[in-house]
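Comments concern the structure below.
The values are calculated or read from the model by the stated rules, or taken from the named source; none is laboratory data. Computed from a prediction, not measured in an experiment: that's the story for all the values here. All Cβ positions, glycine included, derive from the backbone under ideal geometry; neighbour counts span all protein chains shown.
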């Protein structure tokens, strides 16, 4: 393990005949595996930082009060972001959190008052204490499917937060998690009972919308494309999971192309026609497998299909199961 320390940065600045407070840019040499505790703390002028793929950990208060840092790219090699890593980075407008991070450290982005949006990777299962406390420009955050826990005060005083989508996997929302989120008026959630007067203000005035209703209200063009009257297959919107909605939202992004296993696992209770129609709508049909392009295929397991499909559709699905594949 090779740790980039405060002393290393100080010596680098001395070689440039400047103080650490005047450092504007830095490229971490390849080979360092950890950005140490307070390594760039109080580097007020730091605007640009390049992190190599050798780095696996960002230590506590590593970028504390780097008030000129507007963005930072964290490579996929990083699997640990420790407490207070970016606290008081008041100019930071966007962040990427690499896949592989499972827990967001406490107060990691506390008082990042210019941060407007956050997308969490699928690997994140927990957001810790006061992680986004006083991120007063944060208007949206995407919670991944599989996430289970939002710890106490995680989003306290996020006064610009407008709406959130809570995945079905969520089991715990801690005390004061969304306290003083004064702009939060809409929550898309299949389990509104997760929210109490202890973790959110004015619960009775919040509009809770089911995943199914949200899909119908915002994706009617997609549903019309799937439910073409020339076909007997109809996408039943009465039982929509957060996992399905999450993937549909990702498919809207031009650069997002999921593998077939992800698609099959997500839409496992939908017909082959419906899946193909969704991919076609977003011009992602290349994600659909072709027998001559895969080496090993397994039929998609069908579970509780009668709950989602009418008899005609169920019969059609059973006839086409040999064409549903999950690559392994």
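Taking the criterion of being on the phi > 0 side of the Ramachandran plot, assigned to a loop (DSSP other than H, G, I, E, B) and either free of Cβ contacts under 8 Å to residues at least 40 places away in the same chain or surrounded by 14 or more Cβ atoms within 10 Å (Cβ to Cβ) (or both), would at least one residue in the range 132-144 satisfy it? Within the range 132-144, one or more residues are on the phi > 0 side of the Ramachandran plot, assigned to a loop (DSSP other than H, G, I, E, B) and either free of Cβ contacts under 8 Å to residues at least 40 places away in the same chain or surrounded by 14 or more Cβ atoms within 10 Å (Cβ to Cβ) (or both). When we screen 122, 64 for residues that are over 28 Å from residue 249 (Cα atoms) and part of a loop (DSSP other than H, G, I, E, B), the only hit is 64. When the range 275-298 is limited to residues that are over 23 Å from residue 219 (Cβ atoms) and surrounded by 12 or more Cβ atoms within 10 Å (Cβ to Cβ), the one that is modelled with the lowest pLDDT turns out to be 297. Just one of (1) surrounded by 21 or more Cβ atoms within 10 Å (Cβ to Cβ); (2) modelled with pLDDT under 95; (3) farther than 14 Å from residue 155 by Cα fails for residue 104. It is (3). Against the list (1) buried (at least 20 other Cβ atoms within 10 Å of the Cβ); (2) in contact (Cβ under 8 Å) with a residue 24 or more places away in the chain; (3) touching a helix residue (DSSP H, G or I) at 6+ places or on another chain (Cβ under 7 Å), the condition residue 267 fails is (2).
Taken over the range 169-207, the residue count meeting the criterion of being surrounded by fewer than 17 Cβ atoms within 10 Å (Cβ to Cβ) and within 17 Å of residue 242 (Cα to Cα) is 7. Inside the range 238-254, residues that are surrounded by fewer than 19 Cβ atoms within 10 Å (Cβ to Cβ) and touching a helix residue (DSSP H, G or I) at 6+ places or on another chain (Cβ under 7 Å) make up a count of 2.
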